[in-house]
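A.B. asks: Here's a structure for you.
The values are calculated or read from the model by the stated rules, or taken from the named source; none is laboratory data. Keep in mind the model is a prediction, meaning the values are calculated, not measured. When we count neighbours, we look across all protein chains shown, and the Cβ atoms used for this are built from the backbone with ideal geometry, even at glycine. Calculation scope for accessible area: heavy atoms of the full protein, side chains included, ligands and nucleic acids excluded. Shrake-Rupley method; radii C 1.70, N 1.55, O 1.52, S 1.80 Å.
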Amino acid sequence: MLKKKTLKWLIPLSIFCGTLYTSCSPHTSVDLPDPELETIAVKDVTDDAQLRVSIENPDGATGQEGSNKLVDGDTTTKYLAKEFKSLNIDFQFDTAKLIASYEFTTGNDFDGRDPMDWKFYGSDDGQNWTELDSHMGMQFRKRRTTYKFYFKNEQQFTYYRWSISKLYNDNMFQASEFRLIQMPPSSQKDAPREKIDSLSKNGVSLVFINHSDKSELAYQERLMNTYFSVYPKLIADFNPDAKKKLYFIIDPTYEGAAYAFGDVVVFSYDYMEGNPTDGDVVVHETMHHIQQGYQGNVPGWLVEGIADNVRYHYGIDDPDPWTLQDYKPEHNFDGSYGITARFLLWIETHKNENFVKELDRALRNGINYNDFFRQSLGKSIEDTWSEYAQNPAL
Ligand SMILES: [Zn+2]
């Protein structure tokens, strides 16, 4: 049976009067570090623990990618868990430890297998758990790289649990290494956590996760407004089976503009800071969620061209800082983004105003895009482009 340490040491502040403080009241008190906890050394204590995982590798704990590889001190080996739904990684110590940091090393490949949402707990009995840290919408840009996490904790526990509820974009979890670090209170850091806002409206939900140091983002409201006013229309017009709950992540470590996968849109912090009026980026990216379910081999330039065409029609920014690209002789139908989008708009204007909606449905049904051009317009995509090139006016 463990005895919990008292967390706060209340000492009359009057003893400091005249020494540390210029003014003070003799009746207030201050938190001081527990002198006994301060004797604890900063130390990686992972090797003192017994490891248990809720999903073992099919080859067993000692297999080539078994759970033992998570704690073997070697970042060139990894633990791989298949058929992920959620995953508990438990550590049991013989004597209670004061853990206030953990270190996670990414796998050698596929960042989709990285953890994205998790909680970290301590327990005296392995039954009742106290939450010590949590993260949501995490992304790790580098492979075989160690990321360190810190939190304040003045309670020694015999059990610790890393409980992962969501992976980045896969159904397999992997990690090269996970280490537990013991720390006296004076060495502990209170690392800032991501700021999370959740809202449901118009039949859809959004979790907005801000990983930047700023507590308020000038463009957050604009991105959320665009999502709640446009995404329900895209669902209704294109794909009633599309996901009704998405996650927006503001990421200071991403150097592009924005991208979509799974149920997530990642926005570069730098891009949004530089383009705070670009709310219609939401239309393009969430159209990619609508496009999930395309069958067969749909080329990327067509996916991007449709997304930009839809941005043109459904966007609400006025003016939209992003424009379709007027025809130039060096363009071709597979120019992607604004080039393909304007070609599609020309078809909608002159041939069939529902062309993009019908094309989207055809791609969802596994129909080859060129077959669809022939069926719908009576000519190949190349011949349609030639006609467009001769008179590209809208
Ligand atoms: Zn795109």
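A.B. asks: If you count only protein heavy atoms and use a 1.4 Å probe, how large is the accessible surface of VAL356, to the nearest 10 Å²?
C.D. replies: 0 Å²
A.B. asks: To continue, here is another question. Taking only protein heavy atoms into account and a 1.4 Å probe, give the accessible area per residue of the chain in Å².
C.D. replies: Roughly 49 Å² per residue, with all protein chains present.
A.B. asks: Helix 281-290 sits at what angle to the longest principal axis of the chain, using alpha carbons and giving 0 to 90 degrees rounded to 10?
C.D. replies: 80 degrees
A.B. asks: Summarise the accessible area of segment 241-367 (1.4 Å probe, protein heavy atoms) by the percent that is carbon and sulfur.
C.D. replies: Values: 2480 of 5420 Å².
The computed percentage sits at 46.
A.B. asks: Follow-up. With labels modelled as points extended 7 Å from the Cα through the Cβ direction, what inter-label distance (nm, one decimal) is found for ASP241 paired with ALA61?
C.D. replies: 4.2 nm
A.B. asks: So how tilted is helix 300-314 from the main axis of the chain? Cα-based, degrees 0 to 90, rounded to 10.
C.D. replies: For 300-314 against the chain, the angle is about 90 degrees.
A.B. asks: Which FRET efficiency value, to the nearest 0.05, do you get for ALA389 and THR323 by plugging their Cβ-Cβ distance into 1/(1 + (r/R0)^6) with R0 = 25 Å?
C.D. replies: 0.80
A.B. asks: A 27 angstrom limit on the alpha carbon distance is what I want to check against. Which of LYS166/LYS214; LYS82/LYS189; LYS233/LYS379; LYS148/LYS195 exceed it?
C.D. replies: LYS82/LYS189; LYS233/LYS379
A.B. asks: While we're here: For segment 43-187, what is the convex hull volume of the alpha-carbon atoms per residue, in Å³?
C.D. replies: Convex hull volume per residue, Cα atoms: 101 Å³.
A.B. asks: Scan the chain and hand back the longest stretch that contains none of the GluC sites (Glu not before Pro) lying in DSSP loops with at most 14 other Cβ atoms within 10 Å.
C.D. replies: Within the chain, the longest run free of exposed GluC sites (Glu not before Pro) spans 84-215.
A.B. asks: Find the relative contact order for the chain and round it to a whole percent, using C-alpha pairs within less than 8 Å whose residues are 6+ positions apart.
C.D. replies: After rounding, I find 12 percent.
A.B. asks: Okay, next question. Please compute the contact order of segment 47-115 in relative form: average sequence separation of alpha-carbon pairs under 8 Å and at least six residues apart, divided by the residue count, as a percent.
C.D. replies: Computed value for segment 47-115: 33 percent relative contact order.
A.B. asks: A further question follows. Just for segment 43-187, what percent of DSSP beta bridges are antiparallel, to the closest 5?
C.D. replies: Around 100 percent antiparallel, to the nearest 5.
A.B. asks: Exactly which trypsin sites (Lys or Arg not before Pro) in segment 95-185 are in a DSSP loop and have at most 13 other Cβ atoms within 10 Å?
C.D. replies: On the way: sites: LYS97, ARG113, LYS119, ARG141, LYS142, ARG143, ARG144, LYS148, LYS152, ARG161, LYS166, ARG179; in loops: ARG141, LYS142, ARG143, ARG144, LYS152.
For trypsin sites (Lys or Arg not before Pro) across segment 95-185 that sit outside H, G, I, E and B with at most 13 neighbouring Cβ atoms in 10 Å, the list reads ARG141, LYS142, LYS152.
A.B. asks: Along the charge dipole of segment 28-121, which of ALA49, THR95, GLY60 sits closest to the positive end, that is, farthest toward it, with unit charges on the beta carbon of Lys, Arg, Asp and Glu (+1, +1, -1, -1)?
C.D. replies: GLY60
A.B. asks: Can you return the lysines within cross-link range of LYS97? Criterion is Cα-Cα under 16 Å, with same-chain partners fewer than 8 residues away left out.
C.D. replies: Counting by Cα, and skipping residues close in sequence, LYS97 has these lysines nearby: LYS3, LYS4, LYS5, LYS43, LYS152.
A.B. asks: Can you list residues whose amide H is under 5 Å from GLN139's amide H, if they're 5+ apart or on another chain and H is modeled 1.01 Å from N?
C.D. replies: Here nothing satisfies the definition.
A.B. asks: Here is a follow-up. Please compute the contact order of segment 43-187 in relative form: average sequence separation of alpha-carbon pairs under 8 Å and at least six residues apart, divided by the residue count, as a percent.
C.D. replies: For segment 43-187, the relative contact order is 36 percent.
A.B. asks: Counting only protein heavy atoms, what percent of the accessible surface of segment 43-187 is carbon or sulfur at a 1.4 Å probe?
C.D. replies: In segment 43-187, the share of accessible area belonging to carbon and sulfur is 40 percent.
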